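**Student:** Below is one structure. I have some questions about it.
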């Protein structure tokens, strides 16, 4: 795996990752394990699983950091690490919230209409 080839991310407060492969791979694997705990038909799970698997495949297949950044197309690897950590945090919260379960009580009429009912 290639080491850091740049001296700066040119983003204030964001340090260069010396080993982005070693940081990204476990993050993506952990997200996938959390998604496995959600129902298979849950849309968040399906879409996030597809995205994370695609990114994980790119990370595993490319030793060059610049190739990873170009193929994923969502910023520098340091930003990808932040995105993965944020996704992991959201997945943990979704597992607690369980939004796929039925409501405790029926939603009020017109709750889901726009513009709001007067």
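A short reminder: the numbers here are calculations on the coordinates, not readings from a lab. Every value quoted in this text rests on a predicted model; they were computed, and no experiment measured them. FYI the Cβ positions are ideal-geometry reconstructions off the backbone, even for glycines, and counts take in every protein chain you see.
**Student:** Hey, if you drop one equal point scatterer on each alpha-carbon of the range 53-104 and run the Debye formula without solvent, what base-10 log of I(q)/I(0) do you get at q = 0.18, 0.20, 0.27, 0.30 Å⁻¹?
**Tutor:** For the requested q values the scattering log ratios are -0.65, -0.72, -1.00, -1.13.
**Student:** Where the eigenvalues come from the Cα gyration tensor of the chain, what are the semi-axes √(5λ) of the equivalent ellipsoid, largest first, in whole Å?
**Tutor:** For the chain, the ellipsoid semi-axes come out as 36, 17, 12 Å.
**Student:** Arrange the following residues from fewest to most other Cβ atoms within 10 Å of their Cβ: 17, 89, 8.
**Tutor:** Least to most surrounded, the residues fall as 8, 89, 17.
**Student:** Using the alpha-carbon atoms, what tilt in degrees (0 to 90, nearest 10) does helix 20-35 show relative to the longest principal axis of the chain?
**Tutor:** The angle comes out near 20 degrees.
**Student:** Helix 77-97 versus the longest principal axis of the chain: what angle, 0 to 90°, nearest 10, using Cα atoms?
**Tutor:** 30
**Student:** To the nearest 500 deg cm²/dmol, what mean residue ellipticity at 222 nm is calculated for the chain from DSSP H runs of n ≥ 4 alone, each contributing -39,500 (n - 2.57), summed and divided by the residues?
**Tutor:** -18000 deg cm²/dmol
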